[in-house]
Amino acid sequence: MKILNYPHPSLRYPAVPVTKIDERLRTYAKEMIELMYAHKGLGLAAPQVGVPFQLLVLNLSGDPQNRDAAQVWLNPVILDKKGTVEDEEGCLSFPGLYQKVRRAKTVQVQAYDINGVAKEITASDLASRAWQHEIDHLLGVLFIDKMGPVGKLASRTMLKDFERDYAKAQEKGEIPPDAEIEQELAALAATA
């Protein structure tokens, strides 16, 4: 399992709801937590590792030493949003790219934990931003879609570099053709 970089098709593939919690799902979650820590992230969504499931992991402490802070969430839905705040945001699928993004200051989220227990979470500030960012991933929405005109303009060169690197990797056969990836995603989604 590895973190996929933009413009990999998995990042735009809408994740399907998880319908069963089994050993495979628990293994995905454990591996995602390790990847999140290895890349110094606060969160990671399953589509970022090529798994089209509504599964995300968070460690809002941002401290890999604080392993107890890691959380696994399934099928999250934002129930309510309050206020707005603009702040710098990055993404593990866009290494090195940071831009200001406007998000709700506070969100109320409903999600299931890894044991299938429904919870309601109210999150503000950084936690709110992380929830919104990861839930967007599950919908195939990326933080570059949320940037303002100035951020989009400032990011253009870097995005073209990501696209060029991806195309080169496909030419070398390191990444399968997009159509093949999309077939694999659909097959995996059918097993959620």
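Readers should treat all values here as calculations from the given coordinates under stated rules, not as data from a laboratory. It should be emphasised that the depicted structure is a prediction, and the values quoted were computed from it without experimental measurement. When we count neighbours, we look across all protein chains shown, and the Cβ atoms used for this are built from the backbone with ideal geometry, even at glycine.
Computed from phi, the 3J(HN,Hα) profile of segment 23-29 under the Karplus parametrisation 6.51, -1.76, 1.60 (θ = phi - 60°) reads 4, 4, 5, 4, 5, 4, 4 Hz, with x in place of Gly and Pro.
Remind me, relative contact order of segment 1-150 in percent, using alpha carbon pairs under 8 angstrom and six or more residues apart?
Value for segment 1-150: 25 percent.
Per the Debye formula with a single identical scatterer at each Cα and no solvent contribution, what log10 I(q)/I(0) holds for the chain at q = 0.16, 0.19 Å⁻¹? The calculated log intensity ratios at q = 0.16, 0.19 Å⁻¹ are -1.04, -1.44.
Once the chain from D145 to D22 is taken as fully extended at 0.36 nm per residue, the excess over their C-alpha distance is 40.9 nm. Computed from backbone phi, the HN-Hα couplings of segment 151-156 come to x, 5, 5, 5, 8, 3 Hz, rounded to whole numbers (Karplus: 6.51 cos²θ - 1.76 cosθ + 1.60, θ = phi - 60°; Gly and Pro given as x).
In the neighborhood of W73, defined by Cβ-to-Cβ distances under 9 Å, what is the net charge if each Lys or Arg adds +1 and each Asp or Glu adds -1? Charge balance near W73 sits at -1. Under 5 Å from the amide H of Q99 lie the amide H atoms of E89, each residue being 5 or more positions distant or on a separate chain, with H modelled from the backbone and absent for Pro and chain starts. When shorter helices are ignored and each DSSP H run of at least 4 residues is given -39500 (n - 2.57), the per-residue value for the chain at 222 nm works out to -11500 deg cm²/dmol. Each residue of segment 87-95 is assigned a 3J(HN,Hα), and the resulting list reads 8, 6, 9, x, 7, 5, 8, 10, x Hz, derived from the Karplus form 6.51 cos²θ - 1.76 cosθ + 1.60 (θ = phi - 60°), x at Gly and Pro.
Taking amide H atoms as placed 1.01 Å from N in the peptide plane, the amide H of L60 has no partner under 5 Å among residues 5 or more positions away or on other chains. Qualifying GluC sites (Glu not before Pro) in segment 161-192, where qualification requires a DSSP coil assignment and no more than 11 other C-beta atoms within 10 Å, comprise E174.
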